[in-house]
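None of the figures in this text is laboratory data; all of them are computed from the coordinates on show. Computed from a predicted structure; not experimentally measured. Here the Cβ positions follow ideal geometry from the backbone for every residue, glycine too, while neighbour counts run over all protein chains shown.
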């Protein structure tokens, strides 16, 4: 009788342990995080700017600039970015890569030549007004590189 009671108790303990690890419990646990993930994705989709343009940097004037850029009405985002070092590098939104385009373009901000991911906030800018993002050294008055937006 004692052996039967011990065997029954062990079997009951094993059954409870296995029930705690059942796929049904796993699905129940993942459902809230999935719906939270969906809510975040839906929220992001409604706040995402549909006027985004992007391009890939290329060096100009013997300088090296690489990486990707994405521009919307609210921000400029550089990814996988790198550039030759310059004393006074800045990001500009322009309609070309010559001096006249830089002069009539919009200064965004100073840029770090060795930081791969950088984001700059824009206020009241229409991304459709610009065709290029230019990396320009204000001190040397030299274009280091540019990305044509599409």
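Among the residues of the stretch 115-138, those that are without any contact (Cβ under 8 Å) to a residue 60 or more places away in the chain and within 20 Å of the chain's Cα centre (by Cα) comprise 115, 116, 117, 118, 119, 120, 121, 122, 123, 125, 134. Restricting the stretch 82-100 to residues that are touching a residue at least 40 places away in the same chain (Cβ under 8 Å) and part of a strand (DSSP E or B) leaves a set whose member that is nearest to residue 59 (Cα to Cα) is 83. When restricted to residues that are surrounded by fewer than 20 Cβ atoms within 10 Å (Cβ to Cβ) and in a strand (DSSP E or B), the stretch 109-136 contains 6.
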